[in-house]
Amino acid sequence: MKTDLPQSFRRLEYCAPNYTFAQVGLDIALDPARTIVKSRLEVLPGASHEAGSPLVLQGHELEFVSLRINGEAHRQFELTPETLIIHALPNEGKQSFIVEIICVCVPEKNTSLMGLYVSNGNFFTQCEAEGFRKITYFLDRPDVMARYHVTLRAREAEYPVLLSNGNLISTEKLPNGWHSAVWEDPFLKPSYLFALVAGKLECIEETITTSSGAKKLLQIWVEPHDLKKTRHAMDSLIASIHWDEKRYGLELDLERFMIVAVGDFNMGAMENKGLNIFNTKYVLARPETATDADFANIESVVAHEYFHNWTGNRVTCRDWFQLSLKEGLTVFRDQEFSADQMGSESGRAVKRIEDVRLLRQLQFPEDAGPMAHPIRPDEYQEINNFYTVTVYEKGAEVVRMYQTLLGVDGFRKGMDLYFQRHDGQAVTCDDFLFAMADANGRDLSQFKNWYSQAGTPKVRVEESYDADKRQYQVTLRQSPAVNAANKDGKPFHIPLKMRLLTPADDRVEALLELTQDQQTWNFDDVTSRPVLSINRSFSAPINLDFNQSEADLLTMFSSDDDAFNRWEAGQKLAMQMILGNRLPDAALIEAYRNLLTDPDLDPAFKELALTLPAEAYLYEQCASVDPQKIYAARRAFRHAIASELRIEWAALYQQMQTSGPFSPDAASAGKRALKNLALSMLLEADPLIWAPMAVNQYQNADNMTDRYAALAGLVIHGSKSAAACLEDFYIRFADDALVIDKWFALQSSRPPVANAESTLSDVKRLREHEAFKMNNPNRVRSVIHAFCMSNPASFHQVDGSGYAFWAESVLALDPINPQIAARLARGLDRWRHFAPIYQEQMLAALKRVAACETLSADVKEVVSKALE
Ligand code: PHE
Ligand code: ZN
């Protein structure tokens, strides 16, 4: 019998803290082998205080040294592996008292990258969600907010820079080559927003003036050799600050705002108050080393973390079930910011298409699998497993729906009221909804179902047109998701933007609010049978079940004025043909040709319109997935587009050449994207003719976008020149970790190539490469995750070899870094969705992982849910 049943945490079991802290003093003597942490906590009775109750602090992998209360040694305590329980508190804990604790942690042994750790000789912390308890014993929960006063000490020669949250109060030289710095954060914050950084770092800085006329110091800290790669991040930060003032009236509240880059990081970046810590991938960029996508990602991640300063930090989450309160909202804000940065209406649409594509490729499968959860989960075993595309990306869609329902101004009113009511508090998703409802005098009670029900809803569309009455009728039926943890199945409040497209342009437009299981709308004075353009701009995160004819889809693909739906019609046509094992017919080829040759269309849009639906999204349309069949059908379809349009592709390849110095702006990036799609299509159509052109582009490119695209084209199309270019690339960029990550990822994500070695054997070789490091998350992701999670056609082999590699990798990673292992473990989530020959092999691999007796809580939760 199993005795160690995993512990589950439940949203409805929330209890307010029985104690809280007024003031937190930390004194940290940094040493990789033995860091001594002294804390001084001013403890107060909390909201649910009961006289005489013990103070239960969390602590994880800490060495306890001593405890004092009100200056006296205190012996009435218990230590468990996860807690320090303090009994016999002065005056039964009814009045404030001072707790002083000394404990020790070992940063150099910390490979989980949670808590205090060492990366390339420097110290960093990561405390969200529950990492602070690896630094000291604490009430490590977001609803305990306190003021922090922090003293950092370290050897000056090795750690000249000492940073923490807030304002620098003083620095001091100490005996024996040590020095210290004192930092004070004037704002209340939960422990997950604490940070420190120490080491040999340098910064670029700028002083800006914010809307109220205050001067602010902005700094970006990196290793000295990376200083020249920080300009774009600084520009992005400044743009974010201005945008938040303008759009939401939110000003930077600290005198100093710092970003620090670190090469070992589990996630993208972290919004610690005044001291954001970033994965180097989302800070460092130069045209020669970063692609257009990297530049855009940096801009949006810098903005995201900066926007958290208000949505997350000033107003934070009461508990981790409310994570989407800050993440969904902040993703929505960064999406809107990036859309505005695109600089044109068509740019905004391009951004929207990219966001929706990501949602459907990653979040829809999650919402249909064993880890499906509402954006506000009801239960978890390991909170780290709930930093998901559902909480983030679907959460952002839910926030977007408020704006669609209330209008941009109504949404702003809701935001204003939210801050008016909750600044300085730790609150819930309901509080956000009430602010939106109250500010607009709207009843949003049915909208709550988006927070409590998992799964992608399906909306079925039926239409009819009466030519005599010139009347059009549309009926919508919603059904809750298939295969979701969706117990109640209550109808959602779904905003659907629609327009009737008619030759006479009747201008029939509406926002349909579908709130019941089924509703019908009638439209008068419709001059001819219209084409229905619905869920425009993807106004709701749903699946549309709409049997539109190919003729109607073609009409939309050539002329819908909603760029999203125009793109969507093309995707739907391609998808239906690929899944039906058909090649593009003459009409579709003609539509593609017209689109590609339209001089008025945005190149970025053309590139998206000619990019086929991803395999992951095609899988979602099948009852039983055969990855090899889907790959072959998609590849054949692509080959047809490539060869039938070879003249147009060749012309575009010439026309889209950019000149002058490199700029990552949206218009230039769009041209490069289309040019490089053209190159890839030409390699698909006539590899022998175009390989020399690709080699030429590879060699002469003045930017990473073009160099990498040429290299990828050669690798993916199995060109003979690929090996030499790969070798050249490695030598050229050997000392740039982020570029070497690209080199690994490109080889690991190569689809099967005729007459070439399998990608898996390449991946196994890369794993033995001297530059491969099992404890660097970026490197691991570029080899292992890239193969198992973004290379379906190579990963899903009927002999199960890909799955065996997956199991081996999960088991090898878990003892090093459970979070990174658990992400990989998600790779077989959808095993039940595959054809039986694949299923059996996936099940065997899952069972092999599940059988390991020392699994982390992270991996255990993922595989046990997959096997449920
Ligand atoms: N809160 C971070 C963000 O979304 C993500 C993160 C979570 C980083 C947990 C590290 C650990 O901006
Ligand atoms: Zn975030």
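Would you confirm, using the coordinates I've provided, whether residue 118 is more than 16 Å from ligand 1 (Cβ to nearest atom), more than 25 Å from residue 315 (Cβ to Cβ), in a strand (DSSP E or B) and hydrophobic (A, V, I, L, M, F, W, C)?
yes
Confirm whether residue 141 is under 30 Å from residue 81 (Cβ atoms), outside any loop (DSSP other than H, G, I, E, B) and either in contact with a Cys (Cβ under 9 Å, 6 or more places away or on another chain) or basic (Lys, Arg) (or both).
When the stated conditions are applied, residue 141 does not pass them.
Hey, among the residues in the stretch 643-670 that are part of a loop (DSSP other than H, G, I, E, B) and among the hydrophobic types (A, V, I, L, M, F, W, C), which one's nearest to residue 591 (Cα to Cα)?
645
Counting only residues that are of a type outside the set (Gly, Ala, Ser) and more than 16 Å from ligand 1 (Cβ to nearest atom), which one in the stretch 337-352 is surrounded by the most Cβ atoms within 10 Å (Cβ to Cβ)?
For the stretch 337-352, the residue satisfying everything is 350.
Can you tell me how many residues in the stretch 357-372 are surrounded by fewer than 24 Cβ atoms within 10 Å (Cβ to Cβ) and either touching a His at 6+ places or on another chain (Cβ under 9 Å) or within 16 Å of residue 429 (Cβ to Cβ) (or both)?
4
Among 365, 377, which is more than 16 Å from ligand 1 (Cβ to nearest atom) and either part of a helix (DSSP H, G or I) or modelled with pLDDT of 95 or more (or both)?
On inspection, the qualifying residue turns out to be 365.
For a quick check of your reading of the model, give me the residue pairs whose first member lies in the stretch 824-843 and is surrounded by fewer than 20 Cβ atoms within 10 Å (Cβ to Cβ), whose second is hydroxyl-bearing (Ser, Thr, Tyr), with beta-carbon atoms closer than 6 Å and at least 6 apart or on different chains.
835/624
Considering the stretch 289-331 alone, what residues qualify as being in a loop (DSSP other than H, G, I, E, B) and within 13 Å of ligand 2 (Cβ to nearest atom)? Walk me through how you get there before you give the answer.
Initial filter on the stretch 289-331 (in a loop (DSSP other than H, G, I, E, B)): 289-291, 308-310, 312-314, 318-319.
Scanning the stretch 289-331 gives 308, 309, 310, 312, 313.
Across the stretch 309-329, what is the number of residues that are β-branched (Val, Ile, Thr), touching a residue at least 60 places away in the same chain (Cβ under 8 Å) and within 14 Å of ligand 1 (Cβ to nearest atom)?
Number of matching residues: 1.
Of all residues in the stretch 231-262, which are among the small types (Gly, Ala, Ser), away from ligand 1 (no atom under 15 Å from the Cβ) and not in a helix (DSSP H, G or I)?
Result: 249, single match.
Six or more apart or on different chains, Cβ under 8 Å: which pairs go from a residue in the stretch 733-762 that's over 17 Å from residue 704 (Cβ atoms) to one that's of a type in the set (Lys, Arg) and part of a helix (DSSP H, G or I)? Could you list them?
Pairs that qualify, where the first residue is over 17 Å from residue 704 (Cβ atoms) and the partner is of a type in the set (Lys, Arg) and part of a helix (DSSP H, G or I), are 751/635.
Looking at the structure I just gave you, is residue 619 farther than 27 Å from residue 296 by Cα, hydroxyl-bearing (Ser, Thr, Tyr) and either under 30 Å from the mean Cα position of the chain (by Cα) or modelled with pLDDT of 95 or more (or both)? Lay out the reasoning, then the answer.
Values: farther than 27 Å from residue 296 by Cα: yes; hydroxyl-bearing (Ser, Thr, Tyr): yes; either under 30 Å from the mean Cα position of the chain (by Cα) or modelled with pLDDT of 95 or more (or both): yes.
Considered against the rule, which asks whether it is farther than 27 Å from residue 296 by Cα, hydroxyl-bearing (Ser, Thr, Tyr) and either under 30 Å from the mean Cα position of the chain (by Cα) or modelled with pLDDT of 95 or more (or both), residue 619 comes out as yes.
Looking at 793, 804 in this structure, which one is outside any loop (DSSP other than H, G, I, E, B), small (Gly, Ala, Ser) and under 26 Å from the mean Cα position of the chain (by Cα)?
Answer to the check: 793.
Considering 786, 844, 821, 812, which residue is closer than 25 Å to residue 750 by Cα and either out of contact with any Leu (no Cβ under 9 Å at 6 or more places or on another chain) or in a loop (DSSP other than H, G, I, E, B) (or both)?
That would be 812, the only listed residue that is closer than 25 Å to residue 750 by Cα and either out of contact with any Leu (no Cβ under 9 Å at 6 or more places or on another chain) or in a loop (DSSP other than H, G, I, E, B) (or both).
Can you go through 430, 416, 443 and tell me which one is over 21 Å from the mean Cα position of the chain (by Cα), in a helix (DSSP H, G or I) and under 17 Å from residue 493 (Cβ atoms)?
When all the criteria are applied, what remains is 430.
What are the residue pairs meeting all of these: first residue in the stretch 513-537, first residue assigned to a strand (DSSP E or B), second residue of a type in the set (Phe, Trp, Tyr), Cβ atoms under 9 Å, and 6 or more apart or on different chains?
Here the result reads 514/492; 521/472; 522/472; 523/472; 532/472; 532/546; 534/546, each pair linking the stretch 513-537 to a residue that is of a type in the set (Phe, Trp, Tyr).
What pairs come out if I take residues in the stretch 592-618 that are farther than 18 Å from residue 655 by Cβ and pair them with residues that are in a helix (DSSP H, G or I) and small (Gly, Ala, Ser) whose C-beta lies under 8 Å away, six or more apart or interchain?
Pairs found: 612/574; 613/574; 615/793.
Here's a check for you: in the stretch 332-362, which residue that is outside any helix (DSSP H, G or I) and touching an Asp or Glu at 6+ places or on another chain (Cβ under 8 Å) is nearest to ligand 2 (Cβ to nearest atom)? Break it down into steps so the answer makes sense when it comes.
Residues of the stretch 332-362 that are outside any helix (DSSP H, G or I), as a first pass: 342-344.
Then keep just the ones that are touching an Asp or Glu at 6+ places or on another chain (Cβ under 8 Å); that gives 343-344.
Values: 343: 25, 344: 27 Å.
The selected residue is 343.
crowded, with 22+ Cβ neighbours inside 10 Å and touching a helix residue (DSSP H, G or I) at 6+ places or on another chain (Cβ under 9 Å): is that true of residue 137 in this structure?
Judged against the criteria, residue 137 is not a match.
Examine the stretch 400-413 for a residue that is buried (at least 22 other Cβ atoms within 10 Å of the Cβ) and either at positive phi or within 16 Å of ligand 1 (Cβ to nearest atom) (or both), and state whether such a residue exists.
Within the stretch 400-413 (the criterion being buried (at least 22 other Cβ atoms within 10 Å of the Cβ) and either at positive phi or within 16 Å of ligand 1 (Cβ to nearest atom) (or both)), the answer is no, since none of the residues qualifies.
In the stretch 499-512, which residues are in contact (Cβ under 8 Å) with a residue 40 or more places away in the chain and surrounded by fewer than 18 Cβ atoms within 10 Å (Cβ to Cβ)?
Step one: filter the stretch 499-512 for residues in contact (Cβ under 8 Å) with a residue 40 or more places away in the chain, giving 499, 501, 511.
Residue satisfying the conditions is 511 alone.
Being part of a helix (DSSP H, G or I) and free of Cβ contacts under 8 Å to residues at least 40 places away in the same chain is true for just one of 640, 632. Which residue is that?
Only one candidate passes the filter, namely 632.
Would a scan of the stretch 49-56 turn up a residue that is within 23 Å of residue 318 (Cβ to Cβ), surrounded by fewer than 13 Cβ atoms within 10 Å (Cβ to Cβ) and over 34 Å from the mean Cα position of the chain (by Cα)?
Within the stretch 49-56 (the criterion being within 23 Å of residue 318 (Cβ to Cβ), surrounded by fewer than 13 Cβ atoms within 10 Å (Cβ to Cβ) and over 34 Å from the mean Cα position of the chain (by Cα)), the answer is yes, since at least one residue qualifies.
For (1) more than 30 Å from residue 264 (Cα to Cα); (2) at pLDDT 95 or above; (3) within 34 Å of the chain's Cα centre (by Cα), each residue gets a yes or a no:
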site: 5; (1), (2), (3): yes, no, yes
site: 20; (1), (2), (3): yes, yes, yes
site: 71; (1), (2), (3): yes, yes, no
site: 99; (1), (2), (3): yes, yes, no
site: 107; (1), (2), (3): no, yes, yes
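Counting only residues that are more than 19 Å from residue 813 (Cβ to Cβ) and assigned to a loop (DSSP other than H, G, I, E, B), how many does the stretch 121-133 have?
Going through the stretch 121-133 one residue at a time, the tally reaches 5.
Inspect the stretch 263-274 for any residue being away from ligand 1 (no atom under 16 Å from the Cβ), in contact (Cβ under 8 Å) with a residue 12 or more places away in the chain and part of a strand (DSSP E or B) and give the result as yes or no.
Looking through the stretch 263-274, none of the residues is away from ligand 1 (no atom under 16 Å from the Cβ), in contact (Cβ under 8 Å) with a residue 12 or more places away in the chain and part of a strand (DSSP E or B).
Condition first: of a type outside the set (Ser, Thr, Tyr), within 11 Å of ligand 1 (Cβ to nearest atom) and over 14 Å from the mean Cα position of the chain (by Cα). Can you find one or more residues in the stretch 283-303 that meet it?
no
Within the stretch 94-114, is even one residue small (Gly, Ala, Ser) and under 16 Å from residue 140 (Cα atoms)?
no
The values are calculated or read from the model by the stated rules, or taken from the named source; none is laboratory data. In this text the structure is predicted, and so the values were computed from the model without any measurement. Backbone-built Cβ (ideal geometry, glycine too); neighbour counts: all protein chains shown.
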